[in-house]
Amino acid sequence: MVFIALAIFGTIAFFKLGRSANPPNTDFPIVVVYSAYPGASPQEMERLIVKPIEDQVDSIDNLDQLSSTCQEGVATIIAQFKLGTNLDIASINVQSAVDVARVYLPVDLAPPSVYKNGASQPLLDLAISSKSMTDTQLADFANNRLEPLLKAIPNVQDVNIYGASDREFHVEPIPERLVGANATLGDVFAAVAANNLNLPGGLMRQRTQETSVSVHAEVNSADDLLGIPLPVPGSSNKNLKIGDVAYAYDSHVEPTSISHYNGQPRVYIELDRNIAADEIKSTQAARAAIKQIGAQFPQISFSEIDAPADYTQKSLNGVWQSLIEGIVLTMIVMLLFLHSIRSSVVVMVAIPTSILSTFVLMNMFGFHLDTMSLMALSLIIGILVDDSIVVLENITRHRNLGEEPVDAAINGRSEIGSAAVAITMVDVVVFLPIAFLPGIVGAYLREFGAVIVISTLFSLLVSFTLTPL
């Protein structure tokens, strides 16, 4: 009854175990802080933004490495934490540190963005296109409509969009008219910036109610720019507008990256998955969600470029095939040497029983079915039958001496018990230290060593209980 229960729980645990190429927590937890300050030089970005943020982030617990990159108007700070650090807690700590650093940052700086990293490999790589949309319309759709839907997919950590022609209004001053109006480029820049804001306008109070008032000066079209007043210090012309000294038109951001698929321009989308997520199930859920999104927006064509989970599934299938082949070959070899079908079947019970019982503890410890754990199960096939073969052979010897089945089972097991324990403990002593190795090597081999030790100990339990029975 105990082993029937273990088999049932092991079967349930098998279907609950995550499936991925690598063991969970083999990627370093990384939190990225991104800040944009248009017009600032790399030296100014380092002095005004990066240094104050680094001073606060540097004191966070479990921080392993801190690096920064400064470009014109853009700064990226990467905080890498030690293996095993909870990524959610680390991102909260980084966000708190950035909030504290806001006191030392420029007043007109937009709040820096804090992102958690995903797994080392993306969940899906997609390319989208449309025959009815322009490049800027497609970019606007990808950023404002599609990205929120993709981020809502379970276990999608982040969505990265490349090659999109983001919409942008361009203002091109006319030099002759600027000189004639005694205006400068700074006057034009200040006028556009001041008239593209949403600001609180205070409160409007009545006898029975109170209403908040907002000032909306957001630019929604290029023509809106032309009507913006252009104040010029020292000028007597108070009716001067942007349209008097400049052109304005609807365009797109100057591209710094392009993406093509099958020779045609496409918008490239990368879905990053959660580090600890089941790679295969997450990919299936993402594909189903994208299929629904495609049906909702028929004007958009989705093309799947790459899905690492497909390679992972093939790899896992190959290991499963090796595992089954090992079990069958073990049975054939035992049949050839034991010369008894009944004895071979009895010994073969030890393998699935030990493996199913191992799945229970793998699920409890948060292990996955990945290349390392399955490699451990493949390697352990021969070890799993060692104890049972030794015990069964000694029981058979007692039966041949004329003892009753129950007496032969008890005596045979007791007589050989110390030898079986010694055989098992040798394997445990060899593989258990592997499960406690530090660093990135230990993160990869922890499952390998633990699975071998767990299944070996279960095989000893089976040889002392189920095999004699």
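The values are calculated or read from the model by the stated rules, or taken from the named source; none is laboratory data. Just so you know, these numbers come straight off a predicted model, no measurement behind them. Here the Cβ is made from the backbone with ideal geometry for all residues, glycine too, and neighbour counts use every protein chain on show. Side chains included, ligands, DNA and RNA excluded: accessible areas come from the protein's heavy atoms. Shrake-Rupley method; radii C 1.70, N 1.55, O 1.52, S 1.80 Å.
Annotation: amide H of SER129 within the under-5 Å range of SER301, sequence separation 5 or more or interchain, hydrogens built in the peptide plane.
Shown are LYS51, LYS16, whose ranking by accessible area with a 1.4 Å probe and every protein chain present, most to least, is LYS16, LYS51. Amide H to amide H distances under 5 Å link ALA40 with GLY73, where only residues 5 or more positions off or on other chains count and H is placed in the peptide plane.
Mind jotting down a quarter of the surface of the convex hull over the alpha carbons of segment 310-448, in square nanometres, one decimal? Don't jump to the answer; show the numbers that get you there.
Working: hull surface 39.5 nm².
Its average projected convex-hull area is 9.9 nm².
Highest average first, the peptides 364-376, 329-341, 77-89 ordered by how many other beta carbon atoms sit within 10 Å of their residues are 364-376, 77-89, 329-341. ARG47 contributes an accessible area of around 150 Å² to the protein surface, as traced by a 1.4 Å probe with all chains present. Computed over the chain, relative contact order equals 20 percent, with contacts defined as Cα pairs under 8 Å that lie 6+ residues apart. Listed values for segment 243-256 are Karplus-derived 3J(HN,Hα) couplings in whole Hz (6.51 cos²θ - 1.76 cosθ + 1.60, θ = phi - 60°), namely x, 7, 10, 8, 9, 9, 8, 8, 9, 9, 5, 4, x, 10, and x replaces Gly and Pro.
Do you know the relative contact order of segment 289-433, to the nearest whole percent, from alpha carbon pairs under 8 angstrom that are 6+ apart? Don't skip to the answer; put the middle values down first.
Values: 73 pairs, mean separation 30.4, N = 145.
Over segment 289-433, the number comes to 21 percent.
Its residues counted as N, the chain yields a C-alpha radius of gyration over 2.2 N^0.38 Å of 1.46. For the chain, the residue among LEU316, THR134, ASN239 whose Cα projects farthest onto the positive side of the dipole built from Cβ charges is LEU316.
The charge dipole of segment 235-367, taken about its Cα centre with unit charges on the Cβ of Lys, Arg, Asp and Glu (plus for the first two, minus for the last two), comes to roughly 320 debye.
Assign one of three labels to segment 112-270, namely rounded, prolate or oblate, based on the Cα gyration tensor with a ≥ b ≥ c the square roots of its eigenvalues; rounded applies when a/c is under 1.5, prolate when it is not and a/b is larger than b/c, and oblate otherwise. Taking the square roots of the gyration eigenvalues as a ≥ b ≥ c, segment 112-270 is oblate. Under a 5 Å amide H cut-off, with hydrogens placed 1.01 Å from N, ALA246 pairs with ILE174 among residues at least 5 apart or on other chains. Taking the average, over residues, of other Cβ atoms within 10 Å as the packing measure, peptides 250-263, 456-469 rank 456-469, 250-263 from highest down.
Just add up the charged neighbours of THR424: K/R +1, D/E -1, any other residue whose Cβ is under 11 Å from the Cβ of THR424. Walk me through the numbers before you get to the answer.
Working: positive: none; negative: ASP386, ASP387, ASP427.
Local net charge: -3.
Among all helices in the chain defined by DSSP H, which have a length of 15 Å or more along the axis from Cα atoms plus a Kyte-Doolittle mean of at least -0.5? Walk me through the numbers before you get to the answer.
Values: long enough: 2-16 (21 Å, 2.21); 87-101 (21 Å, 1.01); 279-296 (25 Å, -0.32); 308-338 (45 Å, 0.91); 350-364 (22 Å, 1.41); 371-384 (19 Å, 2.26); 386-400 (21 Å, -0.67); 405-431 (36 Å, 1.08); 439-464 (37 Å, 1.69).
Helix filter hits for the chain: 2-16, 87-101, 279-296, 308-338, 350-364, 371-384, 405-431, 439-464.
Taking other residues whose beta carbon is less than 14 angstrom from the beta carbon of SER455, and scoring Lys, Arg as +1 and Asp, Glu as -1, yields -4. How big, in percent, is the set of alpha carbon pairs in segment 287-369 lying more than 16 Å apart? Of all Cα-Cα distances in segment 287-369, 72 percent exceed 16 Å.
Going by average Cβ density within 10 Å per residue, which order do the peptides 134-140, 2-8 take, highest to lowest? Write out the running numbers ahead of the final one.
Details: 134-140: 17.3, 2-8: 14.3.
Per-residue mean Cβ counts within 10 Å order the peptides as 134-140, 2-8.
For segment 5-133, what does the alpha-carbon gyration tensor say about shape, rounded, prolate or oblate, given a ≥ b ≥ c as the root eigenvalues, a/c under 1.5 as rounded, and a/b over b/c as prolate? Oblate, since a/c reaches 1.5 and b/c is not below a/b. Quick check on my link table: of LYS131/LYS281; LYS82/LYS291; LYS16/LYS291; LYS131/LYS241, which ones sit more than 30 Å apart, alpha carbon to alpha carbon? Over 30 Å apart, Cα to Cα: LYS131/LYS281; LYS82/LYS291; LYS131/LYS241.
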